[in-house]
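Below: the structure, in structure tokens.
The values are calculated or read from the model by the stated rules, or taken from the named source; none is laboratory data. Predicted model only: the values in this text are computed from it and were never measured. Don't worry about glycine lacking a Cβ; one is built from the backbone with ideal geometry, like all the others, and counts go over all protein chains shown. All accessible areas refer to the heavy atoms of the entire protein, side chains included, with ligands and DNA or RNA removed. Shrake-Rupley method; radii C 1.70, N 1.55, O 1.52, S 1.80 Å.
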There are 2 protein chains.
Amino acid sequence: MDRKTAKKLSECTCFNLRKASRAVTQMYEAALEPAGLRAPQFGILAAVAATKSVTITRLAEILVMDRTTLTRNLKPLTSRRLVKVLPGADRRSKKVELTKKGSETLLRAVPLHKGAQARIESGLDGQWPNMLSDLTRLIRVAQKS
Amino acid sequence: MDRKTAKKLSECTCFNLRKASRAVTQMYEAALEPAGLRAPQFGILAAVAATKSVTITRLAEILVMDRTTLTRNLKPLTSRRLVKVLPGADRRSKKVELTKKGSETLLRAVPLHKGAQARIESGLDGQWPNMLSDLTRLIRVAQKS
DNA sequence: AACAAACAGGTGTATATTCACATTATAACG
DNA sequence: CGTTATAATGTGAATATACACCTGTTTGTT
């Protein structure tokens, strides 16, 4: 259990994806810092903005995120009054919407995000679209297994 | 801020990497479950096994993981007596080693991990080596930005 | 020897992630 | 109509992640 193990680890899909995820997240969060948003928070705000109003379960589907993860992730956003959670159509469901402050924050974050994305894409010399389709396929494979 | 926002999000490197990371992690953790290991735990055990004995800082470098993250991640492993943390060369440093139980656990986990990796690679029709080099490049780009 | 710089490590705080389980509300059905 | 299944959400517990900051140790310089 020596060099061989180390080599296997360095080729492990999970290990490498998590590593890349950490590195890229840190880079995006540094970029988004002036807007005071973490990476998942930006995603949530953007998704809510795109729908105007969604239930929690539907939003989790859109974000491909565990529903209970989303529930927790909404907490710091509601505390900071960036989103509001209102009673939904049912007495079961709720709907999530942006507040004015949330819209403003998102508006401030979008150029920062765009800048980070542009830096990544330029660093990859146009390979990102390819990588994206590969990643999409990888997700499909992982979810089927 | 409508369809356009949603589209941007669906092309965001960070968002997609995190999504893929979640999906693949779940798949690997389901595979490793009989050994009672989470994905990062497997990585730590494998890295420790490959070195016999390492300091915490060095191990964090190997894993490309924040040092303080590693410190926390070692906790459940030491609690379960899979690794032991001993005084190092200095009075500053410590060394991390596998216990007997840790070796046994890793030995049980390796075939499970290999199976998961094989399923992923077969699902990707040999594209994984390409994707790996792309991911490596992506990490380099993110860390330079 | 005295002091500053660099090194190894830990803690506080906050967010993110997920599973198992619990709760309440609606829908379906016999 | 009452019972059962399904849907929407929340909570407890555990791990993961990382930044800012703190402590003690060694090294290097004068």
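Tell me which DSSP H helices of chain B clear both cut-offs, 18 Å or more of axial length from alpha-carbon atoms and a mean Kyte-Doolittle hydropathy of at least 0.0.
Long hydrophobic helices here: B:39-51.
Between A:V54, A:V64, A:V110, find the one with the highest GNM mean-square fluctuation for chain A; connect C-alpha pairs within less than 10 Å.
A:V64
Over region B:3-116, average the accessible area per residue using a 1.4 Å probe and give it in Å², no decimals.
53
Can you list, shortest first in nanometers, how far B:A118 lies from the same residue in the other copies, with each label 7 Å from Cα toward Cβ?
Here B:A118 shows inter-copy label distances of 4.8 nm.
Quick one: label points 7 angstrom along Cα→Cβ at B:K144, distances to the other copies in nm, smallest first?
In ascending order, 3.6 nm.
Roughly how much accessible area, to the nearest 100 Å², goes out of reach of solvent when B and A pair up, both sides summed, probe 1.4 Å?
For chain B against chain A, roughly 5300 Å² becomes buried.
So, with a 1.4 angstrom probe, what is the percent of accessible area on the protein assembly as shown that is carbon and sulfur?
Here it works out to 51 percent.
If I take the Cα coordinates of region B:3-116 and project them onto the principal axes, what are the three extents in Å, biggest first?
58, 33, 21
Between copies, how close do the A:S93 label points come, placed 7 Å along Cα→Cβ, listed in nm from shortest?
Spelled out, the distances from A:S93's label point are 5.9 nm.
Counting only C-alpha contacts under 8 Å and six or more residues apart, can you give the relative contact order of region A:3-144 as a whole percent?
22
As a test of the definition: which semi-axes, in Å, follow for the protein assembly as shown when you take the square root of five times each eigenvalue of its alpha carbon gyration tensor? Largest first, please.
Semi-axes from the Cα gyration tensor: 36, 21, 20 Å.
Scan chain A for the residue whose Cβ is closest to the axis carrying it onto chain B, then write down that distance in whole angstrom.
Value returned for chain A: A:S21, 2.
How about region B:38-109: which trypsin sites (Lys or Arg not before Pro) there lie in a loop by DSSP and see at most 10 other Cβ atoms within 10 Å?
Answer in residue order: B:R91, B:R92.
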